[in-house]
1. Compute the length gained on full extension between residue B:98 and residue B:173: take 0.36 nm times their separation in residues and subtract their Cα-Cα distance, giving the result in nm to one decimal.
2. Counting only C-alpha contacts under 8 Å and six or more residues apart, can you give the relative contact order of chain B as a whole percent?
3. So, in Å, what gap is there between the alpha-carbon centers of the stretch A:699-730 and the stretch A:828-869?
4. Using each residue's phi in the stretch A:280-289, evaluate 6.51 cos²θ - 1.76 cosθ + 1.60 at θ = phi - 60° and report the 3J(HN,Hα) Karplus result to the nearest Hz, with x for Gly and Pro.
5. At what distance in angstrom do the alpha carbon centres of the stretch A:290-346 and the stretch B:440-517 lie from each other?
6. Rounded to the nearest 500, what is the protein assembly as shown's calculated 222 nm mean residue ellipticity when only DSSP H runs of at least 4 contribute -39500 (n - 2.57) each, over all residues?
7. Restricting attention to the alpha-carbon atoms of chain B, what are Rg (one decimal) and Dmax (integer), both in Å?
8. If you average 1/r across every pair of different Cα atoms in the stretch A:302-361 and take the reciprocal, what Kirkwood value do you get, in Å?
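The values are calculated or read from the model by the stated rules, or taken from the named source; none is laboratory data. Because the structure is predicted, anything quoted here is derived from the model rather than measured. Here the Cβ is made from the backbone with ideal geometry for all residues, glycine too, and neighbour counts use every protein chain on show. We work out accessible area using only protein heavy atoms, side chains counted, and drop any ligands, DNA or RNA first. Shrake-Rupley method; radii C 1.70, N 1.55, O 1.52, S 1.80 Å.
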Amino acid sequence: MAPSLPQFSAARMRSYVFRLPLFTRSIIGVILVLWVASYQGVFDLVQWGALIPKEIGISTMYRTNTFPLIHRGVFHTFFNLIALAPLLERFEAEYGTLTSLALFVGPLSTIPALLYTFIERGILGMNTAVLGSSIWVFTLLATEACKTYKTNPSFQLGTVQVPTWITPLVMVVFVSVLVPNTSFLGHLCGLAFGYGWGLGYLKFLAPPEWALRWIEGKLNLLGRLPHYVSVDQKTYGRFGVLPTTNASNISLPTGDRMQVEMGLVGTSGSLLRRDPRLLKVPPYLSFLCIVIGVAWLLVLPLDNYSRKTYISENALLPGQVHTYFAGSDQNVFRGYKREVDGMGEWGNVEVNDKLEEFFKASGLKVARQRYEYTSAGETYSGENIYAILHAPRGDAEEAIVLVGAWTNVEGELNKSGVALVLTLARYFKRWSLWSKDIIFLITADSRAGPQAWVDAYHDTHQKGVQSLPVKSGALQGAVVIDYPFDHRFESLHVVYDGINGQLPNLDLLNTVVSIASGQMGIGASLQKMWQHTDTYKDRLTTMLRGMMNQGLGHASGPHSSFIPYHVDAITLQPYGEGWQDEMAMGRVIESTFRSLNNLLEHLHQSFFFYLLMQSSRFVSIGTYLPSAMLVAVNFTIMAIFLWVKSGSTPSPDSKVGSTSEKSGPLAIIKKEDAVAIVPEELLEARERDFFLPLGVVVGSHFLGVLPLYVFNHTPHALLPIIFYLFSALNLLLPLLISSTLTHSFAPTLQQYQLLKSFSLLFLGMFLSALATLNFSLAFLIGLLAAPLTYIQPFKSTVITALYVVLMALLAPTSVLFAGTWYWNLGVGAVLREAAFGWDVWGMNTQVVVWCVWWPGWVVGVIQLFGRPRVREKGKA
Amino acid sequence: MWGNKALVAMRLILSLLLLLSAAIPHATASSDYHEQLNLRSLHPSLLLASFNFQSNTSLTSFEQQNFRYFPRSLGQILQHANTRELHLRFSLGRWDAESWGARPWGGAREGGTGVELWAWVEAESDEEADGRWLTLTNALSGLFCASLNFIDSTRTIRPVMSFEPAGNHSSSTLDNLHLLHGTLPREVVCTENLTPFLKLLPCKGKAGISSLLDGHKLFDASWQSMSIDVKPICEPGSSDCQLQITQTIDMVLDLQRSKRPRDNPIPRPVSYEELRCDLSKDYHSHDTCFPLDAAAQEEEWILSHIFGHPLKGTCPLADDGIDPVCINVPHARHVYASEGAHEHKDESGYKRCFALSPDKDFEIILPQQEISEKSPLEQPLLYAERSFIGYGQESGGVQAILTNPSSTNAIEFVYLETLPWFMKLYLHTLKAKINGVEEDIIKEMYYRPALDRKRGTQLEIRILIPANSTVVLTYDFEKAILRYTEYPPDANRGFDIAPAVITIGDIAIRTTSLLLPLPTPDFSMPYNVIILTSTVMALSFGFIYNLLIRRFVAIDEADQWDVRAVRLKVLAVAQKFMSRFLEKRSKDGKDD
């Protein structure tokens, strides 16, 4: 008698929904209508219909009846309906439609409402408005519980026997705890009535049966109304038909497949699979997924979907300390600044000689590191210099890094930045409160230098990069100063993107933003949004720029190299013309370092996956992830659909699902005592010939290694030429493969379907996995590859031509070219950067482009040019 | 009650009498207690202060519980735990061997960061030794207010090659001696450890050099180490043995920081006038200043400024004629001492000592002075540095760089690594490179693998390092995943790995400790919320809803449970109750 868990079955669900009795249907309908109506702006339906204790009077008595029908918002409606429908259906099936109508319009809503009003207003003296059908849910639950109690007095929970009638009470408690804004009292009132009814004390409220029967008989309701449940179950049964197990009674009108399935629900999945509606839905569904995915992203900047940033890690205490970097230290800064200015033209090693002298004079340990990288036939070399300030009383367990690259990402001399690092090194040395070592790092450039240093710090450096002679403990954070000008500044630009779209902990960014804006009064901006007016447009632009940076996965500053090592890092760039001087910048750093110094644990509290739309507004992964997932799921849905479709016998597509009479041989299916007659062709199993499709898909993915290798190993001078050659070849390649396929293998339609299915399946799986790591890249690629979902060998040449143009525009090479044109960069420079990223930063965007997106595109275009072999058998 | 008090009083009087009787015959003999403070400037603005307190007690009087200079509290613990030799270290910070030269006492009187304890316990068997070790750690834990009781089996090792007994033990006891060693790298040493330490001293920090010791200054030091060593010394050939206790405190003080007044310790920027600038720079002006390196000049300092108060006379118990305060500066350096103190200059040219007058406060003043001559820094025997390599949650590596700076002497040493069990060492990855070339320089190795949750890894390697060479020792390890209850409250900080101990003869050098990040579950909010809501939803909602909605009954059984049934049931219960009540009453009536 062990209850087996019911398997979810769409067919069962559907039949259940179709069998819902009349009153339940109408209540659901009314609730839905009122919910939709509550969105109009003319009349406040909620205010009108809610049960507001203080408003209850003789003229407003209607509220006691209307309140269960009106809901607030989509979730409220939806969940209440989900809970209400089965309960109401049972009630109605038991008591009949008329009784239910009489009860639910009358006492079942009025009495709990009055009870609630009495307690809320009379005893508690409060005025909490309630609305929604949950009161009915609990009334019905209580009646059900009373019934259950009779048959199952208790259930076992561990060693405790729990009486079953208690369960609705438990539910009330859980609901009131877990769901916000629920009325505990309201639910209790509902329960009270339900228990009363269940125990039989309130049965007198039901209208007399003879009266109902009389009405029913007079109006012939049973004959007129569909889904009507009779009052008199003994004479007619619930639905006016006596239940029977005799299968021969099932009417089988020819062609009414629906009826056949009803009789065989759950016995044969193969029948459901053929349901014309199911076979038609997936393309629309997958299109809907894309639309919702994009729309989802677009609503993120709204106030309701994004959140204000906040500090999670209490130890950080940003801006809680007084900063002392001022006064005569400014003179020192100017001194260092003059020195740095004087070294502008010097070579790397001479500069480092001088810097070493400065650091040593401040009493720090100094070490240097040479590095040399080769990428795209070019050599990038230099020498980093760093100084370690030992934490007094510390034991080299932890360290934080202050970086000032000698030249910034644009190649400008970071003169104020380096001078500030030197001054701060001298200043920090005076303090005894450091609990972590502080490393002052001056890298030769902003791209290769930091990478070489961080790699060597973790001993994962490549050949050509020297090991570090002196090390400290685990790095807890890094802050980069990029301050390449002399004048005063207005605001702070915070750069936070890491390599491969990894991000630093949001707490670090929040700390800096809150120190800059809260303590120092310096504005903070992100993603080069120099002007941010906090409008939807600006938020969206910031977010999209962030996504673009994340999607490209390149280093946006010296800090980017730290992030893959789980060292949270950011770059601070002052910008604009204002009245903030370099000392203010120094104080921001000082305060940030004091906060980082407070950390007891590695930054872990806040988010690592987020999209920022302003310096103080973000969405976290839980909110934004569905958008990329939906885009990725669209491929998977289509892949599964095509798999199913490829297994079915092709029928003239226009006729699928038509109810026109067909004269095929019929087969009889028996399962236990159910019998059905179905056309034989539906049961025919069809072999899938998937060697060819799988071969093509796997082959094209392996082919992706070719461009990956070529673009990462070509000298930079040749890169543009190679690119144009490849682009031209790229447009011809699918055509070539396609015609070869048609000529040598003559693939059938099924093989084309499988080809597409495998390709989309791979795309779907990869992109949904990637979405958790690099959301933006998955989303962008998913969007650019979306047309692949609908590609197939079209019959119409016009559509084919249009699609060819579209696919040519959306080829990876074309997109790359368009991107370089839009941002005014040369193709050669972009490819050189990409090769540099591959060789030095360990960037893997290329792998996604050439080994995931490009093969998918190739397979798509192969289909476009494909000509499926016409079956010899002729029309089925 | 009264009896107890009387007993206590009796004991007090007795012990006083005993003390007197013990003191009287010794008063004439030379004292067995002496103390000395050595000051050495390491760098223009750093000062190393080494305090040394040493006393001897004859082993016989110790065994008779006749304590004089030897602290009774510690003595009884040692007797109770059958400990024949004890070494206890409290350390904080890092000795910067490159700038500061050799360690004080050659490294013999210091431990790794945190607390380190090793002792020779006399016992018949290993189990008995473990039991006594447990007694010892627990008792010392109470005595020194340190978490020494956390030195459990996972943190205890029995070094085989590394430590040698410092005292003289008779061969009969030597066979039964068990060496046990434990470290607590995470223990933060602070004032609560200093106070019991001072209480062990004969003058208890009230007089003599120990009066300078003050928690504020000691724990503000850049590096500090407190040590207690107890060992027996026997004259060769005679059975007359002495028990020696040596307590030392070494600290490296930052002069500039120490001189800041306690009520205003913030290093604010100096005023424009005080800023020392390089006037030779052509851009020098009223608002631009290139700071002048202060290293050329010797910092001025005054003893009472450095330690917060002057030295309060001498400890009257230390009267063996050893000068209590010495300072290591070149004779050319001006040193002014307060009145009543006698200066003795050492012939080496770099040391002078002072004999103090017993009751007067003592003060030393060193003025600012430009001096080319510096007292030479002693070169350390070995530079040792250890760090993690690799990254990630799964595995990692350790790299130890050991450099022999001597251009003539090869050094043989034992490298001892104590690793917690969750850091699973791969011994086959252990590689030693000498000057970048992989060579078989490991002469001997002792390895005791870890047992999960029972004991840690113990690895001892004997290496001979030729003159002027660098040995790089690397090995890989895998990180274990702990049970969630095994994480400390600050799980994301990482786990401290005890310093490696490098034993060269009778001195020991420690590397810095390491911070090992382990894969950590997300203990915070999302975890809780998801787990809680899912559980509640799955258990209560699904279960109850299902139970309520699903019924397995025949149709005709339904609807029988009505008011009458309830009424009957209530009635039945009431009747039952009543009948029982009546029965009881009738019974009671009978009894009456």
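1. Contour length minus Cα-Cα distance gives 22.8 nm.
2. 14
3. 9
4. 8, 5, x, x, 5, 4, 6, 5, 4, 4
5. Comparing the Cα centres of the stretch A:290-346 and the stretch B:440-517, I get a distance of 39 Å.
6. Value at 222 nm, helices only, nearest 500: -12000 deg cm²/dmol.
7. 33.7, 121
8. In the stretch A:302-361 this quantity evaluates to 16.0 Å.
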